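Taking it in order: structure first as structure tokens, then the write-up.
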Amino acid sequence: MEHYQEAVNELKAIVDKYSNIVFFGGAGVSTESGIPDFRSVDGLYHQQYDYPPETILSHTFYRRNPKEFFRFYRNKMLFLDASPNAAHRKLAELEARGKLKAVITQNIDGLHQAAGSKTVLELHGCVLRNYCEKCGQFHDVQYIRNSADVPKCEKCGGFVKPDVVLYEEGLDSRTMTDAIRFIHDAQVLIIGGTSLAVYPAAGLIDYFKGDKLVVINKAPTPRDSHADLLIQAPIGEVFSQL
């Protein structure tokens, strides 16, 4: 406990000292808002679905079996009652204070923006945005949740696809370019709530050339040995003490 408090104090000192901080986060930031990591196997899959989540959330599966895709998607990917937690709120506050330059997230729930963050780079898209594949018409998330089977565009009848990056799909090149620039220029990079297992997103860390690399995650990550400060604890708990 003493070592943990020392680490939190060191993080406070880093945040106080630097004014170009970038945060790179993953599922662990959202789980504290009650949004489960879809990769965690919870028995429900075995009862309700014939395929693992990585298969269902692939581009190929979406094309071949959109009805089953949306059954899973509505049940396991939409958590519209979730609220920002201490980590989301602290990051928004640090941005408002001029400390934090960008949040780069692998999450698709929009909670960073809900907390007030302005510069948010969503590597894997967001469930709140949905577009007709035929005419491009925007549809909100309630349209997806309330539609039956495969959502169709009210304007032209085309399929409405969530603006999320599925397995087998490439990440948005503009978002990637911006993320690389923010990470490369940062004095401090805080990695939080991610195991750094998903590529190409995890590879962005290689572009960091700054002073302090901070890793905050409950489980070990491949970058622990490179970190100037390592805190193995829930991200919200740590940030609530800053």
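Laid out as a table, the results:
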read-out	value
Among residues of segment 120-143, those that are out of contact with any Leu (no Cβ under 8 Å at 6 or more places or on another chain) and under 26 Å from Lys90 (Cα atoms), counted	7
Segment 148-160, residues that are in a loop (DSSP other than H, G, I, E, B) and free of Cβ contacts under 8 Å to residues at least 60 places away in the same chain	Ala148, Cys153, Glu154, Lys155, Cys156, Gly157, Gly158
Qualifying residue in segment 90-109 (condition: more than 19 Å from the chain's Cα centre (by Cα) and on the phi > 0 side of the Ramachandran plot)	yes
In segment 194-216, residue surrounded by the fewest Cβ atoms within 10 Å (Cβ to Cβ) [restricted to those that are modelled with pLDDT of 95 or more and part of a loop (DSSP other than H, G, I, E, B)]	Lys209
Residue ranges of helices (runs of 4 or more DSSP H) in segment 41-140 with at least 1 members open to solvent by less than 40 Å² (accessible area, probe 1.4 Å) and more than 30 Å from His184 (Cα to Cα)	44-48, 53-56, 59-64, 66-76
Residue check, Leu166 touching a Ser or Thr at 6+ places or on another chain (Cβ under 9 Å) and at positive phi	no
Odd one out for Phe159, checked against (1) touching a helix residue (DSSP H, G or I) at 6+ places or on another chain (Cβ under 8 Å); (2) closer than 27 Å to Leu230 by Cβ; (3) among the aromatic types (Phe, Trp, Tyr)	(2)
Any chance Glu237 is open to solvent by 40 Å² or more (accessible area, probe 1.4 Å) and assigned to a loop (DSSP other than H, G, I, E, B)	no
Residue that is farthest from Gln241 (Cα to Cα) [pool: residues in segment 16-31 that are surrounded by fewer than 19 Cβ atoms within 10 Å (Cβ to Cβ) and in contact with a strand residue (DSSP E or B) (Cβ under 8 Å, 6 or more places away or on another chain)]	Asn20
Every residue from segment 142-173 that is open to solvent by less than 70 Å² (accessible area, probe 1.4 Å) and under 17 Å from the mean Cα position of the chain (by Cα)	Pro162, Asp163, Val164, Val165, Leu166, Glu169, Gly170, Leu171
Some residue of segment 178-190 being under 28 Å from Lys17 (Cα atoms), part of a loop (DSSP other than H, G, I, E, B) and within 16 Å of the chain's Cα centre (by Cα)	no
Segment 66-95 residues that are farther than 20 Å from Gly193 by Cβ, paired with ones that are among the charged types (D, E, K, R) and at pLDDT below 95 (beta carbon under 7 Å, 6 or more apart)	Lys67/Asp149; Phe70/Asp149
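The values are calculated or read from the model by the stated rules, or taken from the named source; none is laboratory data. Quick caveat: nothing in here was measured; it's all calculated off a predicted structure. Note: ideal-geometry Cβ built from the backbone for every residue, glycine included; neighbour counts use all protein chains shown. When the accessible area is computed, the model is the full protein with side chains, heavy atoms only, and any ligands, DNA or RNA have been set aside. Shrake-Rupley method; radii C 1.70, N 1.55, O 1.52, S 1.80 Å.
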